[in-house]
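We did not get these values from a lab; they are worked out from the coordinates using the rules stated. As the structure is a prediction and not an experimental result, all values here were calculated from the model. Neighbour counts are summed over all protein chains in view; Cβ atoms, including those assigned to glycine, are modelled from backbone coordinates with ideal geometry.
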Amino acid sequence: MSFHDLFSGHAKLYAAARPTYPVSLIAEVAALAPGRALAWDAGTGNGQAARLLASHVERVHATDASAQQIDQAEPHPRIHFAAEPAERCSLGEGSCDLVFVGQALHWFDLERFYGEARRVLRPGGVLAAIGYSWFYVDPPVDEIVGRTLLKPLERQWASGNWLLIDGYRNIPFPGAEVRLTPSAVHLTWTREQLQAYVTSWSAVQKLGTSSVAAALDELGSVWPDDQPRHVLMPVISRAARL
């Protein structure tokens with residue numbers, strides 16, 4: 001399976017528009033690991049999760065197949081960023097306490113990635129993957145989003161997107177599964193911030209931002225420019241001890 005490079009062309013927008021992850025969930029995942037020496041953040045993007053993991057472990061090896069995404073990452077003394085595919089990591093055997101994947105598992109060659117996770121994890125090490133798909137604001141906004149954005153884009157999503165939309169329920173996961181506390185991303189966003197997030201979607205980038213211009217204009221009829229709103233994104237999570 002080759003690397004589907006869907007984000008390099010708008011890495012700067014991705015870095016600015018994508019939300020980070022719940023701090024409590026990252027802490028819960030880190031606490032499951034048998035040690036705090038080293039975590040691998042596979043598919044790090046611009047390093048959103050890596051920066052949170054760095055609060056709980058001594059070192060984070062943060063990788064992404066896109067060099068452009070890595071270039072947008074903010075340097076951190078505990079994080080080593082590297083342009084590497086998730087299926088071929090430079091870490092040594094048994095060197096890692098935790099392998100973490102944020103918003104990326106659905107793009108990996110799972111068989112090869114799981115082989116790498118098993119190789120780099122020490123005995124009892126933890127593999128965890130989290131993600132988010134849709135967002136919810138309020139009934140008027142959600143109705144417009146569903147009718148003018150989500151429904152028209154259905155045929156444009158890549159197969160990997162559908163794994164995420166389905167909540168990772170049909171993804172095989174190795175090891176002894178561990179339940180994580182249900183969580184969500186809570187944001188206070190203006191309509192402009194939400195629009196930036198929408199234009200960072202891979203399907204929108206494929207079609208061009210003009211494809212959603214009318215939908216975003218309609219959002220303005222129920223969401224004034226100067227009124228921040230609470231945006232909720234339920235988080236999907238899987239974890240296992242290998």
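Key figures
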item	result
Calculated FRET value between ALA83 and ASP217, using beta carbons and R₀ = 35 Å, to 0.05	0.40
Nearest-0.05 FRET efficiency for VAL178 and ARG112, computed from C-beta distance (R0 25 Å)	0.60
Linear extension gain, THR190 paired with ARG169, 0.36 nm per residue minus alpha-carbon span	4.4 nm
Rule-of-thumb Rg ratio for the chain [Cα; 2.2 N^0.38 Å; N residues]	1.01
Förster radius 22 Å - calculated FRET efficiency between TYR136 and ASP225 (Cβ-Cβ, nearest 0.05)	0.60
Average projection area in nm² (convex hull over Cα atoms of the range 30-131, one quarter of hull surface)	5.5 nm²
Where labels lie 7 Å past Cα in the beta-carbon direction, separation of GLU74 and VAL23 in nm	1.3 nm
Folded to 0 to 90 degrees: helix 110-120 orientation relative to the chain principal axis, Cα	40 degrees
Between helix 23-32 and the chain: long-axis angle, C-alpha atoms, 0 to 90°, nearest 10	20 degrees
Unit charges on C-beta of K, R, D, E only; dipole of the chain, Debye	540 debye
Extension gain, ARG36 back to GLU93 (0.36 nm per residue minus Cα-Cα distance, nm)	18.9 nm
Computed over the range 177-242, Cα set: Rg, Dmax in Å	16.1, 51
Within the chain, percent of DSSP bridges classed antiparallel, to nearest 5	45 percent
